[in-house]
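The values are calculated or read from the model by the stated rules, or taken from the named source; none is laboratory data. As the structure is a computational prediction, the values presented were derived from the model and not from experiment. Methodologically, a virtual Cβ is constructed for each residue, glycine included, from the backbone with ideal geometry; neighbour enumeration extends over all protein chains shown. Keep in mind that these areas ignore ligands, DNA and RNA; they rest on the heavy atoms of the full protein, side chains included. Shrake-Rupley method; radii C 1.70, N 1.55, O 1.52, S 1.80 Å.
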Amino acid sequence: MKLHLRLYLKLCHMEFYKLWHRKAFMIGSMFMILTMLFYFQVAIAGGEISTVNGVKYYGKEAVKVNRRITEPYRGELTDQKAEQIIAEYGFPSVVEYDYPGWRDANYLNGFVTKYLSDGSYSSWDDYTVPTRLYAIKDTVAGELEKALGGRVPFAYTRGWEAFLDVLQTGMVLASILLIMAVSIVFAEESQTKMLPLAFTTQEGKGKVVWAKITAGFILTIVVYGTVVLSAIVPSAIVFGLDGGNCPLSMALDKNLRTGHVFKMDWMPVQTFAGIVLGAGLLAMLLLSALTMCVSAHCKSNFGAVAAAAAVWGMPLLIQITCGGLGYFLTSCMPMLLVMTDVVYELILWERVGLVVAVDLPLLILCVEESCRIYKGSRE
């Protein structure tokens, strides 16, 4: 028994080494990480702007300022805190053509304006300058209080928004990387005419196929972990991950309307992030299984990559043209399941359990089909 296990682990290590040490995978991994970090630096941290006492701050300096001025107000959102914020920083009122949002706002007065005032902003030519502060009980925040059964938590939550944004970008890049890496698991031996030789070894085709599948899933988990770390580490360092218990709708800066508050809106943002991470892992594993299944049917690396890419991208085209059941089924597929808004909708309509019920059997079927095709291959 120990001998068979040792042999199996040796095969897994060998197959994993073959995938991991390919130049294309190493270059693709570096490109993925650097792209994520560049996106974070330029689009996320670099896009932050804060105005305090007429002084404008940009990029990471703006993040530091927003975190500093928010710290004294963290805790529970109260009318007194809202009044103090407006008394100290005033209402924002300036908009510009090329800037989304109030040009003279900071995190505090921007938050109060959006949820506790008569002001509104849709675009640079569709906005209402705030002039009045409402009591919490008369706003959508009051509805959240009733739903929560207590005060609404308040903190600087931009770190969670940044994390989920970068994570989504990374998951898309990781999907492309996995298609390139895992699609050769079975197809390479057919292309190099080494399949008959693999079947004549003492390990036999049974152990070989499971070693290949295990290596593919291990590589998938490694890539997934790399993406998560590349998203959460810079977000935690620059923005911090305060306010994990804050309502999702406010933490992600979503528009709320009185009378239209759903269960999703008061879910803690850290709970939502956990569900997104779980959905991302399921999507990556399913993509890996689908790609290996395609690889088992293909006779060349190029054909396997092209076919796997088509399978990955097809749900997007189907979702554009279909509704109802077709829309839901495509939302379960790897390309769309890594999207934050798709996960948000699935939770909103209570479809998460159905996603698992669809994806897990599909994953198992793909693995079984890969085994069947590979074991039945002959040259």
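Go through the stretch 309-342 and count every residue that is among the β-branched types (V, I, T) and touching a Leu at 6+ places or on another chain (Cβ under 7 Å).
To start, the set of residues in the stretch 309-342 that are among the β-branched types (V, I, T) comprises 311, 318, 320-321, 330, 338, 340, 342.
Checking the rest, the ones that are also touching a Leu at 6+ places or on another chain (Cβ under 7 Å) come to 311, 330, 340, 342.
The number of residues fulfilling the criteria is 4.
Looking at the stretch 338-349, can you tell me whether even one residue there is farther than 18 Å from V172 by Cβ, open to solvent by 60 Å² or more (accessible area, probe 1.4 Å), of a type in the set (V, I, T) and assigned to a helix (DSSP H, G or I)? No, because not a single residue in the stretch 338-349 is farther than 18 Å from V172 by Cβ, open to solvent by 60 Å² or more (accessible area, probe 1.4 Å), of a type in the set (V, I, T) and assigned to a helix (DSSP H, G or I). When the helices (runs of 4 or more DSSP H) confined to the stretch 184-282 are screened for residues that are in contact with a Lys or Arg (Cβ under 8 Å, 6 or more places away or on another chain) and either open to solvent by 40 Å² or more (accessible area, probe 1.4 Å) or modelled with pLDDT of 75 or more (or both), those reaching at least 3 such residues are found at 184-191, 204-238.
Those residues that are of a type in the set (V, I, T) and either under 14 Å from the mean Cα position of the chain (by Cα) or open to solvent by less than 20 Å² (accessible area, probe 1.4 Å) (or both), I need them from the stretch 316-337; list them, please. Walk me through it before giving the result.
Start the filter on the stretch 316-337 by keeping residues that are of a type in the set (V, I, T), which leaves 318, 320-321, 330.
T330, the sole residue that qualifies.
Of the helices (runs of 4 or more DSSP H) lying entirely inside the stretch 27-144, those containing at least 3 residues that are open to solvent by less than 20 Å² (accessible area, probe 1.4 Å) and among the aliphatic types (A, V, I, L, M) are 59-70, 107-116.
Selection over the stretch 7-48 of residues that are among the β-branched types (V, I, T) and touching a residue at least 24 places away in the same chain (Cβ under 8 Å) gives a count of 3.
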